[in-house]
Amino acid sequence: MLTMVKIITNFSSCSTYNCHTNEANYPRPLKGFIFFRHSLRKCLLSSNLDVPRSTRVGVTFMLDENAKISKFCEVGDLRNAMELLKMSQNSELDLNTYASILQLCAERRRLQEGKMVHSIISSNGIPIEGVLGPKLVFMYVSCGDLREGRRIFDHTLSDNKVFLWNLMMSEYAKIGDYRESIYLFRKMQKLGITGNSYTFSCILKCFATVGRVEECKRIHGYIYKLGFGSHNTVVNSLIATYFKSGGVDSAHKLFDELSDRDVVSWNSMISGCVMNGFSHTALDFFIQMLILRVGVDLATLVNVLVACANAGSLSFGRAVHGLGVKACFGREGRFNNTLLDMYSKCGNLNEAIQVFGKMGQKTVVSWTSLISAYVREGLYDDAIRLFYEMECKGISPDVYSMTSVLHACAHSNSLDKGRDVHNYFRKKNVTLSLPVCNALMDMYAKCGSMEEAYLVFSQIPTKDIVSWNIMIGGYSKNSLPNEALKLFSEMQEESRPDGFTMACVLPACGSLAALDVGRGIHGWILRNGYSSDLHVVNALMDMYVKCGSLIHAQLLFDMISEKDLISWTVMITGYGMHGLGNEAVATFQKMRIVGIKPDEVTFTSILYACSHSGLLNEGWEFFNAISECNIEPKLEHYACMVDLLARTGNLSKAYNFVETMPIKPDATVWGALLCGCRIHHDVELAEKVAEHVFELEPYNTGYYVLLANVYAEAEKWEEVKKLRERISKLGLKKSPGCSWIEVQGKSTTFVSADSAHPQAKTIVSLLNNLRIKMKSEGYSPKMRYALINADETEKEAALCGHSEKLAVAFGILNLSPGRTIRVAKNLRVCGDCHEMVKFMSKTTRREIILRDSNRFHHFKDGFCSCGDFW
């Protein structure tokens, strides 16, 4: 890299660019005539000719009207030419005279005068043929009236030369109507008109833009057949075309075979490599270009700066910066904007700011580049401030600046600032394009306001796939899975889902444990060819893990040929959730062997797995390995270690660990220890820990309920009463426990003591019969989990009404024999329910999978996969 920078520096020191030209202000010849400015009026004006005073020409001999008009056209005097033309309507003018004045109208972009000439031609009964047809077409197209130009073009096909066909194709391409350009090209071929280099350059760009790769290949052969294979302009267009269609090897081959390469050839290679993700190769081409002393232009340096930005090559970018300044491009807006972007993407915000400060005229592109730079650096407030500063300077925001500032609001999780920006758009009556609406929805979704996101969504007249994906993904991430699935269903009526849609909707299936729906989506993925998309496969694995079907997740994982970090992390998390700690450890070690480096999330997953399987020694090893991987342990890592120590009964060690943490523990860390106190019934330590939790999160109902359960299980009813009064005074409400089960693709939810369900009596009867049978076989109810101060009968009735028992009983009644029963619960499963579900699995000979807020429990033949450790 240092060698490359040295070459650029050496080249820039001896480059021969003229920044200033001192050309004399001499008159230049125009179409064979030389006119001197000071004597022009004296030569042309005279009172001896029978023409208006403003159009009298002083010469020693009489000129006919054709010559007079031609003279005016030659000096660019359209006004006098038009006056003379109008006075000569009834005389016979040459077709070339009309052509000259039409040419001038085209050059001056004077459509009104051009139409007047056309009208005079028509009124004089002159047929549109010969030179007139092409000139009229040229005039109308040059003046922006493509429709009228096309009408005349179609009526004079036999007179149209190749340049006119090129003009029409080019104009349609300029307005984005590439298909019409292609239609004209094919019509041109049918009429036997042979194209030239410009024809092929234009049509190749059209084919490339609409993605017709095979057409490009056929044109390639046609070009060589006509002998244009050595024309630089054509070959350069071919190179650009192959790059646009992904034919990198073909583009390289063409370049290698081109003997007389110009700067456009080199630029095509550099920009093409950048476009296809080969930025380092683009820089190599630039070095070769300098070594061969090929003169660079603005396009070269802009493309190279983009390559530097993509490759993260700051030193190379600085050298190109120096070369650009010496080549006198320092005042070019395009160069400076790209330079600013390069410094930003290479992580040097200070130099980006310096470039911005030195820019003379700052455009909206300049401001947007700097706003984006602040967003990349995480300086979201500065980015938002800069947006308003731009507006104060009188520069109207464009779609890119608007989306950039909304991204800043989204990443900063600043709902109020996002609303302010939205209100600014309303106040200024800014027309919100679809990309801006999508950015608005994304901002609201990331800031947690799905109501406002949906309001924007509902007002979009024509939604694209991005709109739908943002909303579905937003619902999934904001714990609104039912809404996500509902919208996914609506989407399929209006738009075709893509791979990203699948990655957005599958987490909703996982949240609801909706395995049947997830399987249906998996089938759609297979039928539509998205099974090779790694993001989709990872989302599928995660869905199967969270729906309790670990075997399907394992099958998918084994089928992935090139697993990324997310693939490994999903499986490690899955093993941990299902209580398979040893498998999680083995998977982590395999990941390290294949060279995948773990990140913060992976370490959280493996520590979680160790915690839920009681692997204390392994947990310590992984915790110590975090620092060895140059990762600073975060609060979630400490929380996992506290949870591991607490679950394994090391409550004192867990407390000391929290006290000696290098960072201040949060409520999650203390909460993990409080859970351990409940598991091991340590009331004294629970009270001590709870005060820390209440101080950090005084309005989190869950922690008060957790301490109340510690008291209730210890039958300290007076303390339970005091704590409930405290909760009431704070105005807090307990989140009700609920469980849900999917039967025949429909989810049914139960709450504790649910009597509203149509099968409530049958469910309670089944549970009572099972309880009687359970007692007869020696099982006794865990009355302390009733959490009420009542007699044994009431406690037992309360235990029978727990939502997970109701859901399991519903599954037994409604699923065919042998079917696995899958139930999910929003809270931790209680000890009595755990014992009873073990008994139910043995008695009914069913496999029962219960997912609570912490993990999965696989019940079979009277045993649970957790080994009674959860």
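A few notes on this one:
- Sole residue being crowded, with 19+ Cβ neighbours inside 10 Å and either closer than 20 Å to Glu713 by Cα or charged (D, E, K, R) (or both), chosen from Cys864, Cys833: Cys833
- Filtered residue count, the range 495-506, keeping only those that are more than 26 Å from Cys738 (Cα to Cα) and in a helix (DSSP H, G or I): 5
- Leu226 over 16 Å from Ser245 (Cβ atoms), surrounded by fewer than 20 Cβ atoms within 10 Å (Cβ to Cβ) and modelled with pLDDT under 85: yes
- Considering the range 97-123, the residues that are among the polar types (S, T, N, Q) and surrounded by 14 or more Cβ atoms within 10 Å (Cβ to Cβ) include one that is farthest from Phe163 (Cα to Cα), namely Thr97.
- Scan the range 358-374 for residues that are of a type in the set (Gly, Ala, Ser) and at pLDDT below 90 and the total you get is 1.
- Selection status of Arg828, touching a Gly at 6+ places or on another chain (Cβ under 6 Å) and among the charged types (D, E, K, R): no
- Among (1) buried (at least 18 other Cβ atoms within 10 Å of the Cβ); (2) in contact with a Gly (Cβ under 8 Å, 6 or more places away or on another chain); (3) farther than 17 Å from Arg385 by Cβ - the single one Cys409 does not satisfy: (3)
- Count - residues of the range 457-500 that are buried (at least 23 other Cβ atoms within 10 Å of the Cβ) and β-branched (Val, Ile, Thr): 2
- In the range 418-436, the condition of being under 17 Å from Lys345 (Cβ atoms) and without any contact (Cβ under 8 Å) to a residue 60 or more places away in the chain is met by no residue.
- Any hit, the range 716-723, residues being under 50 Å from the mean Cα position of the chain (by Cα) and not acidic (Asp, Glu): yes
- Qualifying positions in the range 743-773 - modelled with pLDDT under 85 and hydroxyl-bearing (Ser, Thr, Tyr): Ser752, Ser755
- Only listed residue being over 22 Å from Cys610 (Cα atoms) and either surrounded by fewer than 23 Cβ atoms within 10 Å (Cβ to Cβ) or among the hydroxyl-bearing types (Ser, Thr, Tyr) (or both), chosen from Met559, Met577: Met559
- Only a single item in (1) crowded, with 24+ Cβ neighbours inside 10 Å; (2) more than 28 Å from Ser404 (Cα to Cα) is not met by Leu339, and it is number (2).
- Here Thr569 passes the criteria (1) of a type in the set (S, T, N, Q); (2) over 14 Å from Tyr608 (Cβ atoms); (3) in contact (Cβ under 8 Å) with a residue 24 or more places away in the chain except the one numbered (2).
- Within the range 303-317, the only residue that satisfies the criterion of being surrounded by fewer than 20 Cβ atoms within 10 Å (Cβ to Cβ), out of contact with any helix residue (DSSP H, G or I) (no Cβ under 6 Å at 6 or more places or on another chain) and at negative phi is Leu314.
- Test for Tyr454: is it free of Cβ contacts under 8 Å to residues at least 60 places away in the same chain, hydroxyl-bearing (Ser, Thr, Tyr) and part of a helix (DSSP H, G or I): yes
- On inspection, Glu74 qualifies as touching a strand residue (DSSP E or B) at 6+ places or on another chain (Cβ under 9 Å) and closer than 19 Å to Ser142 by Cβ.
The values are calculated or read from the model by the stated rules, or taken from the named source; none is laboratory data. Only a predicted model underlies this, so the values are computations on that prediction, with no experimental measurement involved. Cβ sites come from the backbone with ideal geometry, for glycine too, and all protein chains shown count toward neighbours.
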